[in-house]
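Below you'll find the structure, written out as structure tokens, and then a few comments.
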Amino acid sequence: MTTLTDSLRVLVIDDHRSFAEALCLAMSLEQGIDTIGHAPDVESGVRMVLADQPDVVVIDWQLPNVDGIEGIRRIRVADPRVRLVMITGHHNRGLRRLAAMAGASAVLPKESSLAEVVRCVRSAAAGESMIDLDDDDEPDTPRPRLTPREAEVLYLLAKGRDTPAIANLLFLSIHTVRGYVKEVLRKLGAHSQLEAVAIARRGGLMPQPD
């Protein structure tokens with residue numbers, strides 16, 4: 001753990017090498033920040049977290065094999081001390097909620113200024129959360145009100161996970177997950193899990209796949 005006089009150790013996980021290298025270089029020029037490198041995917045990122053013990057990980061959402069939401073979960077399991085900032089080129093109302101549930105401290109668009117990224121990294125390291133879920137509410141646009149846990153279960157269904165797999169990932173009983181699935185179907189007016197995923201994507205409740 002860093003002290004007030006230590007430099008923050010930051011890892012970047014992004015499969016766009018030029019972006020990752022540029023972000024690492026820019027942050028390393030900031031006082032009090034030491035970038036320890038970058039990884040192109042979650043698997044290698046987790047290995048670097050275990051080996052190099054960063055204070056903050058800046059992670060992209062769209063990554064090969066495993067996306068950033070699941071990457072956040074895996075990193076939190078590998079080292080619960082690490083703070084995470086998600087950075088993404090995809091703007092979606094449901095993404096912040098999913099990232100918050102997974103354990104992220106902030107979600108930033110990729111076009112954010114370096115100053116904004118650095119501010120979020122420092123704030124995340126200090127234990128602050130910068131995701132305001134109230135901003136997701138749009139009273140003029142009626143849409144189903146899913147709880148954060150229901151949104152997370154729906155997201156995992158969209159990733160092709162079955163009920164036992166979701167229960168294992170979220171440390172819940174299968175019975176509890178089935179209850180969440182039933183409630184999601186009811187709120188969305190869907191007759192199947194596939195229909196629920198389609199309705200949620202059309203309504204902007206979760207990120208669209210590439």
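Between residue 162 and residue 51, the simple spin-label model (points 7 angstrom out along Cα→Cβ) gives 3.6 nm. For residue 37, the amide hydrogen comes within under 5 Å of the amide hydrogens of 12, counting only partners 5 or more places away or on other chains and with H modelled in the peptide plane.
Relative to the longest principal axis of the Cα atoms of the chain, the long axis of helix 93-102 lies at roughly 70 degrees. Ranking 86, 62, 105 by Cα position along the charge dipole of the range 40-114, where only Lys, Arg, Asp and Glu carry charges on their C-beta atoms, puts 105 farthest toward the positive end. The alpha carbon gyration tensor of the range 148-202 gives principal lengths a ≥ b ≥ c with a/c of 1.5 or higher and a/b greater than b/c, which makes the shape prolate. The listed peptides 11-18, 188-195, ordered by packing as a protection proxy, come out as 11-18, 188-195 (highest mean of other Cβ atoms within 10 Å first). For the chain, averaging the sequence separation of C-alpha pairs within contact (under 8 Å, six or more residues apart) and dividing by the residue count gives a relative contact order of 15 percent. How far, in degrees from 0 to 90, does helix 114-125 lean away from the longest principal axis of the Cα atoms of the chain, to the nearest 10? It works out to around 80 degrees. Length gained on full extension, residue 113 to residue 28, computed as 0.36 nm times the residue gap minus the Cα-Cα distance: 29.1 nm.
Readers should treat all values here as calculations from the given coordinates under stated rules, not as data from a laboratory. Since the model is a prediction, treat every value here as computed from it, not as a measurement. For neighbour counting, all protein chains shown are included, and Cβ atoms are generated from backbone atoms with ideal geometry for every residue, glycine included.
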